[in-house]
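*Asks:* One structure follows; several queries about it will come next.
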Amino acid sequence: MNEEEILAQLMASGGLQKLIDAGLVPEREKVVEAQQQRFEPWMQGQQPQGMRGVGPYGTYVAANPLEHLAAAFRQGAGMGQIGQGNQALANLINQQGAGRYAWMKGIAGALQPQHTPPYAPGGMAGDIDPNT
């Protein structure tokens, strides 16, 4: 078994592309994690607050209901983006597993004997068949 045989086996089965994809998983993970970090503040954003006015009476003014609605949508969008990032990470893990499987399959194919003895219905090749 040499590297050329393994490479030929992988190229014939389409496993080479799976190996390449598996090798790119760490870089792709960094991109997905960076995207997730950008959306974390959306999920953990400050909720709208009312405020007290100035003056002797300090009248309290509640936050606008639209501000609450916008904060809820922003939080939902952040959660959705984080969920998509988690799905992308799961897909990358599957991609890495497919690459490892292709590598092991290529090695196993290279280890198999190239020529197998012919099969005879009565037993081993060269046996005498008593029915003839």
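*Asks:* Scan the range 78-96 residue by residue and report those that are among the polar types (S, T, N, Q) and either open to solvent by less than 40 Å² (accessible area, probe 1.4 Å) or without any contact (Cβ under 8 Å) to a residue 60 or more places away in the chain (or both).
*Replies:* 81, 84, 86, 87, 91, 94
*Asks:* Restricting attention to the range 48-73, which residues are in a loop (DSSP other than H, G, I, E, B) and open to solvent by 100 Å² or more (accessible area, probe 1.4 Å)?
*Replies:* 49, 54, 56, 57
The values are calculated or read from the model by the stated rules, or taken from the named source; none is laboratory data. Just so you know, these numbers come straight off a predicted model, no measurement behind them. Neighbour counts are summed over all protein chains in view; Cβ atoms, including those assigned to glycine, are modelled from backbone coordinates with ideal geometry. Accessible surface areas use protein heavy atoms only, side chains included; no ligands, DNA or RNA. Shrake-Rupley method; radii C 1.70, N 1.55, O 1.52, S 1.80 Å.
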